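Structure first, then comments.
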Ligand code: EPS
């Protein structure tokens with residue numbers, strides 16, 4: 001089974017990731033990894049740190065002459081800001097630094113500090129920072145490159161920021177399954193990336209940017225909602241056999257693991273709870289090469305298994321916890337009520353969060369894909385995949401028709 005781990009503190013030397021169990025002979029172009037890292041850094045409302053960093057990876061192991069070897073792939077992203085933090089973050093010497101004693105509400109400052117028995121909140125801030133997601137995006141780029149070989153792509157767009165929505169959201173088209181012929185995850189990336197806040201509607205973009213400006217002026221932050229969509233996913237990934245094999249459960253946990261994500265829906269999600277069954281499920285229809293669904297309210301998953309239609313995931317990100325006009329907290333030195341600490345941060349990171357969600361979704365799909373099709377080399381995986389796809393519909397026919 002594929003897996004990855006990340007390591008690195010926000011202001012440490014570097015972020016690293018180790019990625020295991022991808023088949024050999026997958027062609028890796030480093031530019032494709034760096035492209036995703038750049039996308040994660042963009043979006044209106046990011047803080048000053050993004051002006052310091054230009055995230056790029058160094059490939060440490062697992063790839064030779066641009067091809068995977070089947071061995072662990074190690075990637076490193078240097079933190080340029082490290083140069084300014086050497087004394088504050090030194091692993092080797094003990095330096096006298098000012099301790100952080102005031103936790104920010106909504107961040108991991110207090111929970112982490114008490115759990116790990118720290119005497120400086122900085123120790124909690126460093127690893128809980130969303131900077132860690134740069135390493136995730138790098139790791140998951142390998143999954144994206146793998147999926148590309150099978151015509152699977154994952155994209156996203158921002159639906160709302162700070163409660164500012166479009167009248168008719170694109171999700172209506174996704175659920176009704178009325179999509180342009182050239183629609184794909186990559187199509188969505190191209191369209192959304194044209195906008196500074198990754199929305200699909202220029203009028204909405206204007207309204208959102210003015211909302212962000214007013215939040216910034218007030219020293220406040222905003223959250224938002226976004227859709228992540230995977231296309232080209234074959235039917236049959238995931239399973240109902242065990243709770244932890246369900247594709248939707250795995251997707252939910254991976255997206256919820258992203259910093260500040262607080263809610264997730266697959267397909268029409270919460271709306272389906274308010275609808276009649278007849279307006280909630282997708283009618284099954286015969287199509288030229290097998291069976292499909294008229295609509296896609298299920299978001300491409302039934303019974304924990306992919307249907308073959310686009311996988312549609314909606315998530316909500318809470319506002320960034322660091323406020324320039326802070327709310328109340330307590331100084332751990334003496335328990336007095338004080339304003340929470342200000343720390344350099346983003347005002348809005350919803351566009352970046354959507355890119356991270358794309359990455360996590362790609363990872364989960366690649367994981368279930370490889371669980372199903374296996375293979376030590378790309379050639380073997382491709383053989384297994386095409387033999388399954390070729391026989392998929394004829395098997396149904398054989399089983400049910402006289
Ligand atoms: C981030 C790097 C951080 C923050 C942000 C995301 O850099 P710094 O703390 O040096 O400004 O901009 O972190 C958070 C939102 C957080 O919760 O800590 C990044 O690379 O994405």
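Based on the alpha-carbon gyration tensor of region 237-290 and its eigenvalue square roots a ≥ b ≥ c, which shape applies: rounded if a/c is under 1.5, prolate if not and a/b is larger than b/c, or oblate?
On the way: a/c = 2.35, a/b = 1.37, b/c = 1.71.
It comes out oblate by the Cα gyration axes.
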Subject >> log₁₀ of I(q)/I(0) at q = 0.18, 0.19, 0.24, 0.26 Å⁻¹ - region 44-132, Debye sum with one point per alpha carbon >> reply: -0.99, -1.04, -1.22, -1.29
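What is the chain's relative contact order, in percent, from Cα pairs under 8 angstrom and six or more apart in sequence?
22
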Original post:
Contour minus end-to-end for residue 5 and residue 202, with contour as 0.36 nm per residue of separation and end-to-end as the Cα-Cα distance?
Top reply: 67.1 nm
Original post:
Where the centroid of each part is defined by its Cα atoms, how far is region 110-128 from region 207-231 in Å?
Top reply: 28
Original post:
Of 52, 161, 312, which has the largest mean-square fluctuation in a 10 Å C-alpha GNM of the chain?
Top reply: 52
Original post:
What order do you get for 256, 1, 378, 360 when you list them from fewest to most C-beta neighbours inside 10 Å?
Top reply: 1, 256, 378, 360
**OP:** Return the whole-Å distance between the Cα centroid of region 306-323 and the Cα centroid of region 366-382.
**Re:** 27
Original post:
Over all pairs of distinct alpha carbons, what does the Kirkwood formula give as the hydrodynamic radius of the chain, in Å?
Top reply: 22.6
Subject >> Three-way shape call for region 209-249 based on the alpha-carbon gyration tensor, with the a/c threshold at 1.5 >> reply: oblate
Original post:
Taking the simple approach of a point 7 Å from Cα along Cα-to-Cβ for both residue 382 and residue 182, what is their distance in nm?
Top reply: 2.6
Original post:
Could you work out the helix-only [θ] at 222 nm for the chain, with each DSSP H run of four or more residues adding -39,500 (n - 2.57) and the total divided by the number of residues, to the nearest 500 deg cm²/dmol?
Top reply: -10500 deg cm²/dmol
Subject >> Peptides 281-290, 215-224 ordered by average Cβ neighbours within 10 Å, highest first >> reply: 215-224, 281-290
**OP:** Note the angle between two axes, namely the Cα long axis of helix 247-256 and the longest principal axis of the Cα atoms of the chain, as a number of degrees from 0 to 90, rounded to the nearest 10.
**Re:** 20
**OP:** Could you please state, rounded to a whole Å, how far the C-alpha centre of region 39-55 is from the C-alpha centre of region 21-35?
**Re:** 24
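Report the extension gain between residue 118 and residue 401 in nm, rounded to one decimal, defined as 0.36 nm multiplied by the number of residues separating them, less their alpha carbon distance.
Here the segment from residue 118 to residue 401 would lengthen by 95.2 nm.
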**OP:** Just order 22-34, 384-396 by mean Cβ neighbour count inside 10 Å, highest at the front, would you?
**Re:** 22-34, 384-396
Subject >> Tilt relative to the chain, helix 133-148 - C-alpha long axis, 0 to 90 degrees, to 10 >> reply: 20
Original post:
How big is the C-alpha Rg of region 215-335 next to the rule-of-thumb value 2.2 N^0.38 Å, as a ratio?
Top reply: 1.44
**OP:** Measure nothing but the geometry: give the 0 to 90° angle between the long axis through the Cα atoms of 350-373 and the longest principal axis through the Cα atoms of the chain, rounded to 10°.
**Re:** 40
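By its C-alpha gyration tensor, with a ≥ b ≥ c as the square roots of the eigenvalues, how is region 307-395 shaped: rounded for a/c under 1.5, else prolate for a/b larger than b/c, else oblate?
prolate
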**OP:** Calculate I(q)/I(0) for region 56-210 by the Debye formula, one identical point scatterer on each C-alpha and no solvent, and give its log10 at q = 0.16 Å⁻¹ to two decimals.
**Re:** -1.10
Original post:
With no solvent and one point on each alpha carbon, what is the Debye value of log10 I(q)/I(0) for region 157-254 at q = 0.14 Å⁻¹?
Top reply: -0.68
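Readers should treat all values here as calculations from the given coordinates under stated rules, not as data from a laboratory. Small disclaimer: the values here were computed from a predicted structure and weren't measured. Ideal geometry is used to build each Cβ from the backbone, glycine not excepted, and the neighbour counts take in all protein chains shown.
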